[in-house]
1. Amide H of V58 versus every other amide H placed in the peptide plane: which residues, excluding those fewer than 5 positions away on the same chain, fall under 5 Å?
2. Full-extension gain between W300 and R173, please, as 0.36 nm times their residue separation minus the C-alpha to C-alpha distance.
3. Using a Gaussian network model of the chain whose springs link C-alpha atoms within less than 10 Å, name the residue from A24, A105, A161 with the highest mean-square fluctuation.
4. Compare T111, T162, T87 by solvent-accessible area with a 1.4 Å probe and give them largest first, with all protein chains kept in place.
5. Could you list, bin by bin from short to long, the percent of Cα-Cα pairs of the stretch 149-267 in 10 Å steps?
6. Where in the stretch 141-171 is the amide nitrogen less than 18 Å from a point lying 7 Å along the Cα-to-Cβ axis of D213?
7. Assuming R0 = 45 Å, can you tell me the calculated FRET efficiency for the pair K71 and R41, based on Cβ-Cβ distance, to the nearest 0.05?
8. In bins 10 Å wide, starting from 0, what share of all Cα pairs of the stretch 1-148 does each bin hold, as a percent?
Amino acid sequence: MRGVATQTPTIGLLGDVMLGRKVAERLAGDPSAELWSPRLRDVCRSCDALVLNLECCVSARGAPTSLIPGKPFFFRAPPSGVEALRTIGASLASVANNHALDFGADALADTFLHLEAARISSVGAGLDLEGARRGAVVQAGSARLGVVALSDHPAEFAAGATRPGVAHADLRRELPDWIRAELGRLRSSADYVLAFPHWGPNMSARPARWQRDRAHELLAAGADAVAGHSAHVFHGIELTPRGPVLYDLGDALDDYAVDPKLRNDLGVLALWRPGDRLEVVGLHLDFCRTDLAAGEHADWIAGRLQLACGALGAVVRRLDEARFAIVSPEV
């Protein structure tokens, strides 16, 4: 399939989009509630494709799961929640994360149906193991983008041969053969391939050694880029000869308490042009609503990017108040 695209697409990448809890209450009270600022919507909709991690199920059914005793948080969006994804032009939502089964298998099945009705592809979970592990291909301008999504936690949410769940992999040890096989399959049917893992612990400020190792293995196995999420804090970006690694995109929408040091209320939207350019746009998450970062928030993101990307050998060039180019030192 390589070489078919006539123009390099701009592919938007967002981290955790959480439409449950207080966000769900806002949507239940007003299904047309504005969760994204107009200027952020415009940036998202300018992309040829937009990929995000959906950090909840979408359903009116189910009860909090008992699969994980003592689980503290359960996230479920009302069916109207998919409109918030449509508003920003989402092409594909990963459901490979630790909240996909928060309200059981029926709610997960509903999530697939609501996304499909909104013409948003899903990946990373399924009604059985084969469906969960199967990557998805979406259109990105004149190109086709293949996406493999997986989660390294929790094991209790893993899909089985005939059991609904997520595409689970213990990435601390090794890259499983099924991921290599799926990346290879997508390379034969897509122009570009993205690995989109939900990995690592919450509130970590930098990638662990095992994440760096697995990222390079994902690129070697056929991915053109790796973009992770899970930490709720954005990490640095590494530019390799095979493609970029965005170790964690941070959060994109939620109702979470803010850590004043780690600043989980600040995230990034990545704008990836395969083989050409990588930019990031700073985001400021106000309670249940997200806007482009400005003022001191944009300055904090600029400083954090400089340190985090510099530690991984990349250079950050500030293009605008909240827009940054990530380049190699020699550029």
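1. A77, T111
2. So the chain would gain 42.3 nm between W300 and R173.
3. Maximum among the listed residues: A161.
4. T162, T87, T111
5. 13, 42, 34, 10, 1
6. 152-153, 169-171
7. For R0 = 45 Å, the calculated efficiency reads 0.85.
8. 12, 40, 33, 13, 3, 0
The values are calculated or read from the model by the stated rules, or taken from the named source; none is laboratory data. Small disclaimer: the values here were computed from a predicted structure and weren't measured. With ideal geometry, Cβ positions are generated from the backbone for all residues, glycine too; neighbour counts draw on all protein chains shown. Just the protein is used for accessible areas: all its heavy atoms, side chains included, with ligands, DNA and RNA removed. Shrake-Rupley method; radii C 1.70, N 1.55, O 1.52, S 1.80 Å.
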